[in-house]
Amino acid sequence: MTAHTAPVNATIRALRPADVLAAVDLLVLAAGGDKRHRLLDQLAHTEPGDLHHAVVAERSGVIVGAGKLTAEPAFPGTISALVAVAQGDRGQGIGTALAAELAGWAERHLGPQHVLTSAIRDDLDGGRRFAQRYGLVVTRHSVGWRFDLAGHGDDLATRATQTADAAGVRIRLTEMQAEEPVIFECIGRTVQGLPLPGAEGQEVDLAQTRRMFPDHATVLLAELRDAPEATPCGLTVITPQAGSGDWYTVYTGVAVEQRGRGVAVALKAAALKAAHDAGAGAVTTHNDDGNEPILRANRAFGMQPSVGYWSLTRPVG
């Protein structure tokens with residue numbers, strides 16, 4: 001794409017390697033579920049054949065806006081769309097110019113087999129309305145939660161023990177790179193029925209899910225105490241967030257046949273304790289607003305409402 005001067009007194013051009021960090025700094029402020037590690041992967045580590053288009057708005061050598069269309073290989077056919085503009089530069093048409101560039105590229109490169117998705121913070125009502133102007137429709141809402149870990153060490157240890165006993169599981173700590181085959185086999189058995197981006201009946205390419213998790217992620221595996229083999233029946237993945245003392249729950253899942261017995265609550269308790277022991281200041285998470293059991297558990301833990309996000313989709317064509 002050839003750089004050109006937009007009528008908004010900014011230059012809309014293709015993202016360059018030197019722009020990636022500045023673009024991520026902007027996009028992460030609007031993003032829902034995509035945290036910094038995921039945005040960095042989407043913008044800087046594309047694989048051959050990935051559908052990928054990223055642009056920036058530049059004024060006087062400063063990146064004041066960014067937009068991207070990136071394939072999510074773990075969810076075949078989905079294309080993640082996001083536009084963000086620096087706060088002091090909003091309302092000047094920069095977002096519209098970025099979106100127009102992305103829309104033109106989508107018309108040329110995407111087909112009816114694709115679904116556009118976007119996840120936008122729920123405290124940015126203007127961002128949601130902006131996406132809806134381009135035909136994206138809200139499909140669900142994820143509620144944000146935050147738990148301040150300070151002063152809760154003993155309570156967390158007690159609750160972790162009690163919830164694991166109640167669920168009949170033992171929970172062990174591991175690392176993503178230490179047990180990848182076990183972890184992703186468990187993800188394959190726990191993802192069924194969870195809300196996913198894309199159309200109804202969205203497929204999952206388990207071979208590509210590895211790209212969604214940072215290498216340094218901490219993993220907690222739940223194993224049934226009365227099972228003859230130590231096969232995990234659930235897991236949660238947590239990771240520190242750059243630039244803050246918070247950790248984030250990237251994924252939690254329980255095998256369908258073991259749901260309803262408290263395994264997810266036990267995993268949550270163990271994750272809070274693990275983050276506390278690692279020196280985290282707080283843990284944040286998102287849960288679908290229709291998942292009343294886990295929302296009830298969050299409230300029981302004393303988690304406080306935080307920023308959530310809207311999920312939007314639109315078929316292409």
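Which values of log₁₀ I(q)/I(0), to two decimal places, follow from the Debye formula for the chain at q = 0.09, 0.10, 0.15 Å⁻¹ with a uniform point scatterer at every Cα?
Per q value, in the given order, log10 I(q)/I(0) is -0.48, -0.59, -1.22.
Any idea how far apart ALA300 and THR161 come out in nm if each label point goes 7 Å out from Cα toward Cβ?
Here the answer is 1.9 nm between the modelled labels.
Take the Cα radius of gyration of the range 94-219 and divide it by 2.2 N^0.38 Å, with N its residue count; two decimals is plenty.
With N residues counted in the range 94-219, Rg over 2.2 N^0.38 Å equals 1.46.
Could you pull the Cα extents of the range 232-317 along its three principal axes, largest to smallest, in whole Å?
The principal-axis extents, from largest down, are 49, 37, 24 Å.
Divide by every residue of the chain the summed helix terms, -39500 (n - 2.57) for each DSSP H run of at least 4, and state the resulting mean residue ellipticity at 222 nm, rounded to the nearest 500 deg cm²/dmol. Could the numbers behind the result be given before it?
Details: 8 runs with 96 residues, N = 317.
After summing the helix terms and dividing by residue count, I get -9500 deg cm²/dmol.
Take the range 154-214, compute every pairwise Cα distance, and split them into 10 Å bins from 0; I just need the percent in each bin.
P(r) over the range 154-214, rounded to whole percents: 16, 36, 32, 15, 1.
Please calculate the 1.4 Å probe accessible area of ASP288, with all protein chains present, and give it to the nearest 10 Å².
Its heavy atoms expose roughly 40 Å² to the probe.
Take the solvent-accessible surface of the protein heavy atoms, probe 1.4 Å, and return the percent of it on the range 79-119 that carbon and sulfur atoms account for. Working shown, then result.
On the way: 890 of 1810 Å².
Looking at the range 79-119 in its full context, I get 50 percent from C and S.
Using only the alpha-carbon atoms, what does the range 157-305 span along each of its principal axes? Please give whole angstrom values in decreasing order.
Principal extents (largest minus smallest coordinate, Cα): 41, 36, 34 Å.
With +1 on the Cβ of every Lys and Arg and -1 on the Cβ of every Asp and Glu, and nothing else charged, how large is the dipole of the range 1-158 about its Cα centre, in debye rounded to the nearest 20?
Working: 15 positive and 17 negative charges, 100 e Å.
Value, rounded to 20: 480 debye.
Using only Cα atoms, locate the centre of the range 168-185 and the centre of the range 206-264, then give the distance between them in Å, rounded to an integer.
So the two Cα centres are separated by 7 Å.
Let's see if you can work this out: charge +1 on each Lys and Arg Cβ, -1 on each Asp and Glu Cβ, no other charges. What is the dipole magnitude of the range 113-253 about its Cα centre, in debye to the nearest 20? Numbers along the way, then the final one.
On the way: 13 positive and 19 negative charges, 108 e Å.
Here the size comes out at about 520 debye.
For labels at ALA278 and ASP41 in the simple 7 Å Cα→Cβ model, what's the distance in nm?
1.5 nm
How far is it, in nm, from the label point at ALA199 to the one at GLU257 when both lie 7 Å from their Cα along the line to the Cβ?
Result for the modelled spin labels: 3.2 nm.
Can you give the angle from 0 to 90° between the axis of helix 94-109 and the longest principal axis of the chain, with both taken from C-alpha atoms, to the nearest 10?
The two axes meet at around 90 degrees.
Return one whole number: the accessible area per residue of the range 159-238 in Å², for a 1.4 Å probe.
Working: 4030 Å² over 80 residues.
Accessible area per residue: 50 Å².
First obtain the Kirkwood hydrodynamic radius of the range 110-150 from its Cα pairs, then insert it into the Stokes-Einstein equation at 37 °C and 0.692 mPa s, and state the resulting D in µm² per second as a whole number. Display every interim value, and only then the final one.
Values: Rh = 12.5 Å.
D = 262 µm²/s.
Using a 1.4 angstrom probe on heavy atoms only, work out the carbon and sulfur share of the accessible area of the range 121-167 in %. Could the numbers behind the result be given before it?
On the way: 1260 of 2580 Å².
The value for the range 121-167 is 49 percent carbon and sulfur by accessible area.
Under a 1.4 Å probe, what is the accessible area of the range 52-154 per residue, stated in Å²? Write out the running numbers ahead of the final one.
Numbers: 4370 Å² over 103 residues.
Per-residue value: 42 Å².
Angle between the Cα long axis of helix 20-30 and the longest principal axis of the chain, 0 to 90 degrees, nearest 10?
Roughly 70 degrees, rounded to the nearest 10.
Normalised radius of gyration for the range 63-164, please: alpha carbon Rg relative to 2.2 N^0.38 Å, two decimal places.
Scaled against compact globular proteins, the figure is 1.51.
By how many degrees, between 0 and 90 and to the nearest 10, does the Cα long axis of helix 263-277 differ from the longest principal axis of the chain?
Tilt relative to the chain: about 80 degrees.
Based on alpha-carbon centroids, what's the gap between the range 69-115 and the range 273-309 in Å, whole number please?
Computed from Cα coordinates, the inter-centre distance equals 30 Å.
I'd like the antiparallel share, as a percent to the nearest 5, of DSSP beta bridges with both residues in the chain. Show your work: numbers first, answer last.
Values: 65 of 71 bridges.
The antiparallel proportion sits near 90 percent.
Among GLY260, PRO305, THR239, whose Cα sits farthest toward the positive end of the charge dipole of the range 215-317 (+1 at Cβ of Lys/Arg, -1 at Cβ of Asp/Glu, about the Cα centre)?
PRO305
The values are calculated or read from the model by the stated rules, or taken from the named source; none is laboratory data. Just so we're clear, the structure is a prediction, and the values are computed from it rather than from any experiment. Reconstructed Cβ throughout: ideal geometry from the backbone, glycine too, with neighbour counts over all protein chains shown. Ligands, DNA and RNA are stripped out before the accessible areas are found, and what is left, the full protein with its side chains, is counted by its heavy atoms. Shrake-Rupley method; radii C 1.70, N 1.55, O 1.52, S 1.80 Å.
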